[in-house]
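The values are calculated or read from the model by the stated rules, or taken from the named source; none is laboratory data. A quick note: this is a predicted structure, and the numbers were derived from the prediction, not measured. No Cβ is skipped: glycine too gets one built from the backbone with ideal geometry, and neighbour counts run over all protein chains shown. Only protein heavy atoms, including side chains, enter the accessible area calculation; ligands, DNA and RNA are left aside. Shrake-Rupley method; radii C 1.70, N 1.55, O 1.52, S 1.80 Å.
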Amino acid sequence: METAEGRPAVAATLRALSAALGGGPAGLWVKESSARNLRHRDFLAPRAALRAAFSGGQVPPDVIAGVTSASGPGALAVRGCQQTGAGLAVQLRRPEAFCRLLGPPPATEPPPAAEPGQEAVVLHCPALRRPAALAPRHLRPVLLADHLAQLLRAQGVGAQLVPAVSDQGSLEVLRQLRVEWPSGSAAGPDAVSALKQALSRCPYAAACEPGAASLPEDVVCKVHLKSFVEQQGLAGYDPNLDVLLVTEGKLRSLAELQHAVLQCTVSDPAVLPGSRSPDVPSCHVAAIVHVVSCEEEFQQQQMDLLWRILDPGAHTASQVRNFTPSSLWPRVGAGEAPWFPAPRPAVQSPPEVSCRGCSERCLTPPSCPADEAWTEVIETLTVAAIRFELLSTAHRSQASSISTKGTKSGAFVMYNCARLATLFDTYQRAVEQGTYPPLPPASTLNFSCLREEGEWLLLFNYLLPFPEVLQQAAQLPAPSKGLRITANTEAVCKFLIQLSMDFSSYYNRVHILGEPFPHLFDQMFARLQLLGAVRDVFHRALATLHLPPLSQI
């Protein structure tokens, strides 16, 4: 059992190696990932870093001995350490690493979902406030917010999605894309009235000139945002912010945001009858993140300032709302494109989908049977293609940094997930027929049989760092300057694409279910245990994208 050492982790191993090298930063070491380098080493302290830490770059023998015996909670054991032309190379005890990661799990409780007193994040997506149905150019912020909510929940952080959607066309698009978004309306007229009263006492608000024909019908007043920014000394806002015409719609949007914060923080459900979200227990709101496109950022800064003016205490003394407006930049295509059709019967050939920016068209061949299972497969592949196309690009980039065709597409990821399902289904049928014995307990398996290059690649590059990939993807660090934050929302898609490529290469090269000879069973069982762990990683990662694993393609 792993009660004392815990699950092995990359960060823990880097800390142990750094401590053995004299207590330098963990960044001194590099984790290798390419198959070529992993043939010789697992970690490397580059030569340039050694020159800065040791005279002439020569590591003393006692330090090398210390690195060889490096240990610590969650650290993997070192087999050998030697100084090479590239730097200080470390190779791990690989059979032990396989045993610790694939053997019986540590006797520790999994982290619970959000509990009272824990943190919550409110994710606001202004694109869903539009009265018309969603257009493709508004889709990426929605998918980003949905994915980020799943990542946060996987880390035990509550996530509240805003706004509630009432447009039936938008709800149908969200349903077909497997986006779980709240529906209905959350803010009542009393909340809007309270904001109007606050406006009547606001020194930055002024009445609009009566009879102005150019003003919208629902204008309440105007607010001098620029004066507020200058007097408060706020930084990071657009210098063109000046006067805001406050409308009934803006007040309703602001009231709904206030309601979402209250929904997370209220400790007595009777305060807001029927308004509590089942997966967001009472806790404090760590951040409110606006997931906006380029075209929406200016308007969202206006809303942020209006909120600060009407409720100043929430942004200063109170920790209920650590307001961090951010711009997770989508690629915005020019013009519209055909979209999902109106609601349709459950059993029917799936629709043609053409999304501006997508590299492929996902459509059903006209001759395919109207079978419910086939429809589910095609719909899942369609959603996977769209999600990977829009989420595998870093939000900081306006152009795709990764091809989503062929082996780097969502369809390829789902295909390899289905290959794993087929493998285990074939094995189970063979067990039922008496061809193979059942898979023995993990504690009895001989992991020293795993000597193929691709097996270590799967464990070291994917099984080992996967929990840290999820954790880092869910992090929302405070902005270093201005109002924008950086979120690694592309990390999971890129991880799945690379995992699919390396798994496919291994699966095409290695025969897993061999001849039913007893002397071959040890290796087969060890490989099945490894690929069972790979399958679990696929399933957990796809769950953050609301994609169910496919059992066949």
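In the context of the full set of protein chains, residues of the stretch 152-204 present 47 Å² of accessible surface per residue (probe radius 1.4 Å, heavy atoms only).
Only protein heavy atoms count here; on that basis, with a 1.4 Å probe, W29 has an accessible area of about 10 Å².
To the nearest 10 square angstrom, how much accessible area does L92 have with a 1.4 angstrom probe? Accessible area of L92: about 0 Å². Rolling a 1.4 Å probe over the protein heavy atoms of the stretch 13-163, with every protein chain left in place, gives an accessible area that is 54 percent carbon and sulfur. Taken per residue, the accessible surface of the stretch 1-107 reaches 49 Å², heavy atoms only and a 1.4 Å probe. Using θ = phi - 60° in the Karplus curve 6.51 cos²θ - 1.76 cosθ + 1.60, the 3J(HN,Hα) couplings for the stretch 536-542 round to 4, 5, 3, 5, 5, 5, 5 Hz; x is entered for Gly and Pro.
Only Lys, Arg, Asp and Glu carry charge here, each on its Cβ (+1 for the first two, -1 for the last two); on that basis the stretch 469-549 has a dipole of about 400 debye about its Cα centre. Ranking L513, L423, S500 by how far each Cα lies toward the positive end of the dipole of the stretch 409-520 (charges on Cβ) leaves S500 at the top. Between amide H atoms placed 1.01 Å from N, distances below 5 Å from S183 occur with V165, all of them 5 or more places distant or on a separate chain.
Pair-distance distribution P(r) for the stretch 452-509, from all Cα-Cα distances in 10 Å bins starting at 0: 21, 40, 23, 12, 4, 0 percent. Between the stretch 516-553 and the stretch 122-141, what is the C-alpha centre distance in whole Å? Result: 37 Å between the Cα centres. Put simply, the amide H of R79, placed in the peptide plane, has neighbours under 5 Å in Q91, L92, R93, leaving out anything fewer than 5 places away on its chain.
Rounded to whole Å, the principal axis extents of the Cα atoms in the stretch 39-181 read 70, 38, 31, largest first. Quote the accessible area belonging to D62 in square angstrom, nearest 10, computed with a 1.4 Å probe and with ligands, DNA and RNA left uncounted. Roll a 1.4 Å probe over it and D62 shows about 110 Å². With no solvent and one point per C-alpha, what does the Debye sum give as log10 I(q)/I(0) for the stretch 129-223 at q = 0.10, 0.17, 0.20 Å⁻¹? Relative scattering, expressed as log10 I(q)/I(0), comes to -0.45, -0.92, -1.00. For the stretch 428-553, the fraction of 1.4 Å probe accessible surface lying on carbon and sulfur atoms is 50 percent.
Computed log10 I(q)/I(0) for the stretch 434-473 at 0.22, 0.34 Å⁻¹: -0.85, -1.03, from the Debye equation with unit scatterers placed on every C-alpha and solvent omitted. Can you give the percent of C-alpha pairs in the stretch 441-553 whose distance is more than 25 Å? The share of Cα pairs beyond 25 Å in the stretch 441-553 comes to 35 percent. Of T422, T380, the order by accessible heavy-atom surface (1.4 Å probe, DNA, RNA and ligands excluded), from most exposed downward, is T422, T380.
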